[in-house]
1. What do you reckon, is Arg154 farther than 23 Å from Gly108 by Cα and at pLDDT 85 or above?
2. Give the residues of the range 189-213 that are more than 21 Å from Ala253 (Cα to Cα) and among the aliphatic types (A, V, I, L, M), sorted by residue number.
3. Going by what's in this entry, would Ala212 be described as crowded, with 16+ Cβ neighbours inside 10 Å, closer than 25 Å to Ala75 by Cα and touching a residue at least 60 places away in the same chain (Cβ under 8 Å)?
4. Considering the range 141-167 alone, what residues qualify as being over 20 Å from Ala207 (Cα atoms) and surrounded by 18 or more Cβ atoms within 10 Å (Cβ to Cβ)?
5. If you scan the range 218-276, which residues turn out to be farther than 30 Å from Ala164 by Cα, surrounded by 13 or more Cβ atoms within 10 Å (Cβ to Cβ) and modelled with pLDDT under 80?
6. Within the range 134-179, which residues are assigned to a helix (DSSP H, G or I) and small (Gly, Ala, Ser)?
7. Looking at Pro128 and the list (1) modelled with pLDDT under 90; (2) over 26 Å from Asp223 (Cβ atoms); (3) over 13 Å from the mean Cα position of the chain (by Cα), which single condition is not satisfied?
8. Do any helices (runs of 4 or more DSSP H) entirely within the range 1-107 hold 3 or more residues that are exposed (fewer than 13 other Cβ atoms within 10 Å of the Cβ) and either hydroxyl-bearing (Ser, Thr, Tyr) or at pLDDT 90 or above (or both), and if so, which?
Amino acid sequence: MWRVVLGLLVGVGVVAIYQHEHSPGPLPLVWAALAVTLGGCSGAILTYGLRRWAELTTEHSVRVREVIWPVVAIAVCGVLAVNVTRFVPGPTGNWHSGLLVCLAILAGIPVGMVMFAVRRVVSAEPPPDPAEPSPDPPGRQVAVLLSLRRLLQRLLAAEGAVVALVTFEFGAYSQIQSSPPPAQYVFIFGGVGSTLVAAAYVPAWTALQHRAHLLCRELFPLDDLNDGATILSNAADSQRLEQVLGADRGILADLQNGLAVAAPLLAGAVAAFLPH
């Protein structure tokens, strides 16, 4: 709870400094509300990520050093993307929105670590081998895969909400500038944020898909069957298990479920080709 309060205070502080720098002008209420909300949301996503990390590491053996570096690389790319105008000639804009966006990126590091930890857990398990008995019964393997997939979907939804809020805050901030950028720039900004989330989500999703397909082949083998009825029965059972495990769905379908992630990504891609 204290992280949320701290984030709210950061948002209030940024708004107060902006108002002090632009007094006696009116307070931009829409941006101010979004800025304070983004600060509190950053504290909330930090708390959420730390709790999910604690839960995952209680059940599975994952160390911080095994997953931290790719997440740090993604976060650094995000911070650099937010501040890219400071490295090129021309006006650099104001720092108020950039600070809040960087705060949201850094607060999302624990969530990214959990996503890569899911990939680590799935990849560390020995793949099913029909010639050898599995160390875990099939029911246990199915339960683990279902649990990890549900966790991954919740993480995607949480980060997707943050990306949407960041995009709205950036758009509102852009509109109160003396020379606001084109509207397409805001959508592209949201697309970049969505890409950062996808960079952490896709490896874990791919590992879960691969492991689910291996498990389906182990439980319902088809290679050595000759009887047509048995082949049809095993194929149908394998298909049903794939549906239960979510292994029959593509990556875009999963991203569309986290609509807050998919919408800015698609909008940014379309806006990049719109005429100015």
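1. For Arg154, the condition - farther than 23 Å from Gly108 by Cα and at pLDDT 85 or above - is not met.
2. Once the filter is applied, which keeps residues that are more than 21 Å from Ala253 (Cα to Cα) and among the aliphatic types (A, V, I, L, M), the range 189-213 yields nothing.
3. No: the conditions fail for Ala212.
4. Correct list: Ala158, Gly160, Val162, Val163, Ala164, Leu165, Val166, Thr167.
5. Once the filter is applied, which keeps residues that are farther than 30 Å from Ala164 by Cα, surrounded by 13 or more Cβ atoms within 10 Å (Cβ to Cβ) and modelled with pLDDT under 80, the range 218-276 yields only Leu225.
6. Those that are assigned to a helix (DSSP H, G or I) and small (Gly, Ala, Ser): Gly139, Ala143, Ser147, Ala157, Ala158, Gly160, Ala161, Ala164, Gly171, Ala172, Ser174.
7. Result: Pro128 fails condition (2) only.
8. Of the helices (runs of 4 or more DSSP H) lying wholly inside the range 1-107, those with at least 3 residues that are exposed (fewer than 13 other Cβ atoms within 10 Å of the Cβ) and either hydroxyl-bearing (Ser, Thr, Tyr) or at pLDDT 90 or above (or both) span 29-59, 64-82.
The values are calculated or read from the model by the stated rules, or taken from the named source; none is laboratory data. Values in this document were obtained by computation on a predicted structure and should not be read as measured data. Cβ: placed from backbone, ideal geometry, glycine included. Neighbour counts: every protein chain shown.
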